[in-house]
Amino acid sequence: MPMFVIAGIGAGPSTPNPDLSDINDPLLSTEVSPTSDRPISAIKFLTNGDIEEATGDTGEVLSYSKVGTWLPSVPIDSSDWELNFTIDSETGAAGTWTGSTTDSYVTLDSIRTFLWTKDTTSNGTANSEVTCTVRQVSDTGNSASRSNLTYTAEISA
């Protein structure tokens, strides 16, 4: 009786590994003189796996540019992934993080945007260091992390 071997049964698609190496570091927004606007450095994690960044000020609509991906370009269910955007330190002039939830895991089933804004319109530099971690919900060991990412919002005369 002939013997048949069928290869690949039950071998479903492999799970991609997250990657945060495309994030620009440092990300700097500079205003050349004090105005009524305050500088902003921003990062956005999209549900399709893209990472976008922008710099500008509070008086304009930020124009984001794609810098890379947090997950390779394959069909993904973004609700299977989560992000922790941890604020490690803030130095120099006062600044504020706004946008998405920080310092806890949130699913990537919606766009997650983080904006670092200098608090005042006077000369000075507001710096913040953060750690970003993306992990798979069902396999938290399938993760990627970037530490010591620096965001700067500066006004200089």
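The values are calculated or read from the model by the stated rules, or taken from the named source; none is laboratory data. None of the values given here were measured: they were computed from a predicted structure. In case anyone asks, the SASA skips ligands and DNA or RNA and just uses the protein heavy atoms, side chains included. Shrake-Rupley method; radii C 1.70, N 1.55, O 1.52, S 1.80 Å.
Measuring with a 1.4 Å probe in the full set of protein chains, what accessible area per residue, in whole Å², belongs to region 62-157?
Each residue of region 62-157 exposes 45 Å² on average to a 1.4 Å probe.
Any idea what diffusion coefficient the chain gets from Stokes-Einstein, in µm²/s, Kirkwood Rh on alpha carbon pairs, 4 °C, 1.567 mPa s?
Value of D from the Cα-based Kirkwood radius: 76 µm²/s.
Between region 108-125 and region 33-97, what is the C-alpha centre distance in whole Å?
For region 108-125 versus region 33-97, the Cα centre distance is 8 Å.
Run the accessible area of the chain with a 1.4 Å probe and give the carbon-and-sulfur part as a rounded percent.
Reported share for carbon and sulfur atoms: 49 percent.
Summarise the long-distance tail of P(r) for region 99-153 by giving the % of C-alpha pairs beyond 13 Å.
Summing the P(r) tail past 13 Å for region 99-153 gives 69 percent.
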